[in-house]
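The values are calculated or read from the model by the stated rules, or taken from the named source; none is laboratory data. Just so it is clear, the model here is predicted, and its values are computed rather than measured. Backbone-built Cβ (ideal geometry, glycine too); neighbour counts: all protein chains shown. SASA here: full protein model, heavy atoms, side chains in, ligands and nucleic acids out. Shrake-Rupley method; radii C 1.70, N 1.55, O 1.52, S 1.80 Å.
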Amino acid sequence: MNFLHLKYFLMVAEELNITRAAERLYISQQSLSNHISNLERELNVKLFTRSPKLSLTYAGDQLVQTATQILDLHSQFLNKVGDINRHYLGVLRVGISHTCGLALLPEILPRFQEEFPMVEFSLFEGNSAQLEDELSHGRLDLIICFQPIMLEDVRTVPLTEQRLMMVVPRNFTDQHFGERAEAVRAQFAQGADIDEFQQMPFVLIKRGNRTRSIVDQYFSRYYFKPKLILETENTVTTLAMASAGVGITICPELFLRAIPTASAATKGVDLFPLTDPSTFSQLVAGYRADRYLSHFGERFIVMAREALQNACGAEGSVPAPV
């Protein structure tokens, strides 16, 4: 048994289909089948039942857990040795939300790849719950998300504090406030009064996203029931809907960088900050305290902090993970 056997076994266990697993591994079906058969022969146990369709046996299910732990420990050991020798070889597995990745990664990744050309970068995109689940199972080295992180034994490094912004189609403001529209824009540029938008349509990110949880709590605090006409998994979609005049959305200030051709898009909307302290949220990098974080993982966090400082005009030193 070797690490390659375990890697191949886990791929088959994930796909439960030899053809798809072989395609993802870039080897032939026959070669993959031989690897699995050899592993079963060495362990003297069946790992899969072949009919009516491929499925894990009890022994196979147990090996999934063990093989995952073995390969994870092997990966952490290689990272430690690489750091000791300053070879910086390995894989950095980062989890981030779709929109946050769109706003940050184009600036961070070129720097990271230039500094660590031999490190493979693996990206997982999902909502907060999905990111935490991947981190808890050891499938990610670090995640970038908004506080709070609900997992225990996770170390966090603050990246930036973000306020939530109401993105309101300009024609909504014009039609609702009439002659007062410009005065209202000046007033709400310092902080929006949510009650003034009671009858207007809203387009929001779906529940399960950390930002949506903050927004829902804010609505509840002010007894505000939005006229919700659309929910989506993608913040970019909510911004596009606001720019098209479909409805109002609410998102962290950072996410406005994710609007394609932002200068053109923001001409069609008013940006009003929410000033209630409950709507301020901290973007952090989080990693498990019981796992080794490589030097290049630490450097990625520092680069993310620096990129956000440049974007938000913040000042101050950049703390490294401890």
Could you list, in sequence order, the residues of segment 40-82 that are more than 17 Å from Arg288 (Cβ to Cβ), in a helix (DSSP H, G or I) and at pLDDT below 85? Leu78, Val81, Gly82
Taking the criterion of being touching a residue at least 40 places away in the same chain (Cβ under 8 Å), out of contact with any Cys (no Cβ under 7 Å at 6 or more places or on another chain), open to solvent by 40 Å² or more (accessible area, probe 1.4 Å) and closer than 24 Å to Arg305 by Cβ, would at least one residue in segment 61-79 satisfy it? no
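Based on this model, can you work out whether Arg221 counts as under 19 Å from Leu239 (Cβ atoms) and open to solvent by 20 Å² or more (accessible area, probe 1.4 Å)?
Here the answer is no, as Arg221 does not meet what is asked.
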Which one of Phe202, Phe197, Phe219 is touching a Leu at 6+ places or on another chain (Cβ under 6 Å) and of a type in the set (Phe, Trp, Tyr)? Phe202
Among the residues of segment 180-199, are any in a strand (DSSP E or B) and in contact (Cβ under 8 Å) with a residue 12 or more places away in the chain? no
Could you please let me know if Val215 is farther than 19 Å from Asn127 by Cβ and either assigned to a helix (DSSP H, G or I) or at pLDDT below 85 (or both)? no
Which listed residue is open to solvent by less than 10 Å² (accessible area, probe 1.4 Å), of a type in the set (Gly, Ala, Ser) and either assigned to a helix (DSSP H, G or I) or touching a Pro at 6+ places or on another chain (Cβ under 8 Å) (or both), from Gly95, Gly101: Gly101
Which of the residues spanning segment 275-306 are under 17 Å from Gly95 (Cα atoms) and hydrophobic (A, V, I, L, M, F, W, C)? Leu283, Val284, Ala285, Ala289, Leu293, Phe296, Phe300, Ile301, Val302, Met303, Ala304
When you look at Gln175, is it open to solvent by 30 Å² or more (accessible area, probe 1.4 Å), in contact (Cβ under 8 Å) with a residue 60 or more places away in the chain and not in a strand (DSSP E or B), yes or no? no
Cβ-Cβ under 9 Å pairs, at least 6 apart or on other chains, segment 113-137 side within 10 Å of Val91 (Cα to Cα), far side open to solvent by 50 Å² or more (accessible area, probe 1.4 Å) and assigned to a helix (DSSP H, G or I): Val119/Gln113; Phe121/Gln113
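Look at Ser220 and say whether it is in contact with a strand residue (DSSP E or B) (Cβ under 9 Å, 6 or more places away or on another chain) and small (Gly, Ala, Ser).
Criteria not met by Ser220.
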Collect the residues in segment 218-247 that are modelled with pLDDT of 90 or more, assigned to a helix (DSSP H, G or I) and among the small types (Gly, Ala, Ser), keeping them in residue-number order. Ser220, Ala242
Count of residues meeting criterion [open to solvent by less than 30 Å² (accessible area, probe 1.4 Å), under 13 Å from the mean Cα position of the chain (by Cα) and modelled with pLDDT of 90 or more] in segment 111-144: 8
